[in-house]
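Engineer: First, the structure itself, so that you have it in front of you.
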Amino acid sequence: MKLNQDIVKILDKALDEQPIGREEALTLMGIDLLSREMYSLCAAANELSRRHFENLGEVYLQIGLDSAPCPSNCEFCSFGANHGIFKEVIEYPIENIIQAAKLGEDQGANGIYLMTTARYPFDKFIKVAKAVKEAVLPDLPLVANIADFNIDRAKELASIGFKAIYHAVRLNEGRGTKLPVKQRIQTIEAAKKEGIKIHFCVEPVGPEHTPGELVDLMFLGKELGATFSGAMRRVCVPGTPAAEKGTITWWNLARTVAVCRLVMGNTVLGHCTHEPNLPSLLAGANLLWAEVGTNPRDDKPNTEASRGWDVLRCQEILVEAGYEVRSGPAITALGSSVQELEYNQ
Ligand code: SF4
């Protein structure tokens, strides 16, 4: 079979565990979605993941704690105060959150994410997190997906047992959101100082984002020492400013997932995609989120009755993709820290 030899050279380099550079990643992002090279790209990313992650997939359960107008006004998020989708504050009672966490644990979740809008009081978050921690097995990792914070709060998160945070610099950050890029990175650095692992993802990908923007975030995640990266496509929530820009196909997302997988190389312990989808699981992704409670991609307050998948369904699609499901704590929350890498190598 004839293949573009420039592409083949880059794929061979990645499979030989040599870091690929920004220009090479951009070349891969230019691959035609209906070409043979696209399947070769997915094959290379898939091979790296099966090799590095011992063919194991992970599922986190994310619990959204509140639905409320959020002052950060991210262009893609149903909670943005200016979008007028959620007009009142609803905070889920601790009992419901614990019940959801215990169900996730029983179903085999490898870790629990606790997610809030940027307006959720930090002290209250700590109280809820302590209650969840006491309710689940001691080695089930907790991950915080919350607003930006400083070093004092990072210390507090670490002291009550948070192993990781999900914190990304999102596409169009600071322009389509009210959150400066610098502030997002300062939060990540504060967490790292306290030994908290960083979960990062190229998101939320829409048709308007250029290959350069996507590749920049891949390398930023690598530079920041993320324990996993990956890619999530944007959902067009009606009423959000970004909705009119449309969405991309799963196959298009798979290209970004695969290129990101090759960029991250042997520095990561997993590779995510969201929402769960088979093309990306065959292009290097091995990590999924189940979701209950609130969800920035949903206009319903209980996403488990709408967009959110449960843990069992996430495990099923991992198996469909030929992965075994990890039993026990997520390595992406507990694994040893990844090597520090130079940006733009
Ligand atoms: S993504 Fe987070 S910070 Fe942005 S508007 Fe939604 S809840 Fe607020």
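Values in this text are rule-based calculations from the coordinates and carry no lab data. Remember, it's a predicted structure, so these values are computed and weren't measured experimentally. Neighbour counts are summed over all protein chains in view; Cβ atoms, including those assigned to glycine, are modelled from backbone coordinates with ideal geometry.
Engineer: Points 7 angstrom from Cα along the Cβ direction at LEU15 and GLU324: gap in nanometres?
Structural biologist: 2.4
Engineer: Using a Gaussian network model of the chain whose springs link C-alpha atoms within less than 10 Å, name the residue from GLU203, GLU95, GLU291 with the highest mean-square fluctuation.
Structural biologist: Maximum fluctuation in the GNM of the chain, among the listed residues, is at GLU95.
Engineer: If you build the Cα gyration tensor of the stretch 2-128 and take the root of 5 times each eigenvalue, what three semi-axes come out, in whole angstrom, biggest first?
Structural biologist: The equivalent ellipsoid of the stretch 2-128 has semi-axes of 42, 22, 12 Å.
Engineer: Further, regarding this structure: With axes computed from alpha carbons, what is the tilt in degrees of helix 5-15 against the longest principal axis of the chain, rounded to the nearest 10 within 0 to 90?
Structural biologist: 50
Engineer: Quick one: length gained pulling ARG307 to SER35 fully straight, 0.36 nm per residue minus the C-alpha distance?
Structural biologist: 94.8 nm
Engineer: Cross-link list LYS130/LYS178; LYS13/LYS192; LYS102/LYS130: which exceed 19 angstrom alpha carbon to alpha carbon?
Structural biologist: LYS130/LYS178; LYS13/LYS192
Engineer: Still on this structure, please answer the following. Pairing the Cα long axis of helix 122-135 with the longest principal axis of the chain, what angle in degrees results, from 0 to 90 and rounded to the nearest 10?
Structural biologist: Relative to the chain, helix 122-135 is tipped by roughly 80 degrees.
Engineer: Answer with one residue from PHE149, ALA131, THR249: the one whose Cα lies farthest towards the positive end of the charge dipole of the chain, charges on Cβ with Lys, Arg +1 and Asp, Glu -1.
Structural biologist: The residue sitting most towards the positive pole is PHE149.
Engineer: Between LYS124 and GLU23, what length in nm is gained on full extension when 0.36 nm per residue of separation is reduced by their alpha carbon distance?
Structural biologist: Stretched out fully, the LYS124 to GLU23 stretch lengthens by 31.8 nm.
Engineer: If you don't mind, there's one more thing I want to ask. What's the magnitude of the charge dipole for the stretch 20-333 around its Cα centre, counting Lys and Arg as +1 and Asp and Glu as -1 at the beta-carbon? Answer in Debye, nearest 20.
Structural biologist: Computed charge dipole of the stretch 20-333: roughly 500 debye.
Engineer: What is the sum of charges, Lys and Arg at +1 and Asp and Glu at -1, for the other residues whose Cβ falls under 14 Å from the Cβ of PHE228?
Structural biologist: Within the 14 Å Cβ shell, the charges total +3.
Engineer: Also, I was wondering about something else. As a footprinting exposure proxy, order VAL202, VAL8, VAL235, VAL292 by other Cβ within 10 Å, with the fewest listed first.
Structural biologist: VAL8, VAL235, VAL292, VAL202
Engineer: For the chain, what ratio Rg/Rh do Cα atoms give with a Kirkwood hydrodynamic radius?
Structural biologist: 0.95
Engineer: Next up: So what's the angle, to the nearest 10 degrees on a 0 to 90 scale, between helix 181-193 and the longest Cα principal axis of the chain?
Structural biologist: Long axis of 181-193 versus the principal axis of the chain: about 80 degrees.
Engineer: Turning to a different aspect of this structure: Show that you can apply the helix-only estimate: for the chain, add -39,500 (n - 2.57) for every DSSP H stretch of four or more residues, divide by all residues, and state [θ] at 222 nm to the nearest 500.
Structural biologist: For the chain, the value works out to -11500 deg cm²/dmol.
Engineer: Further, regarding this structure: Full-extension gain between TRP250 and SER72, please, as 0.36 nm times their residue separation minus the C-alpha to C-alpha distance.
Structural biologist: 61.3 nm
Engineer: Sequence neighbours fewer than 8 away in the same chain don't count; with that in mind, list the lysines whose C-alpha is under 17 Å from LYS300.
Structural biologist: Correct list for LYS300: LYS87.
Engineer: Suppose R0 equals 35 Å; then what is the FRET efficiency for GLU54 and ASP6 from their Cβ-Cβ distance, rounded to the nearest 0.05?
Structural biologist: Between GLU54 and ASP6 the formula returns 0.65.
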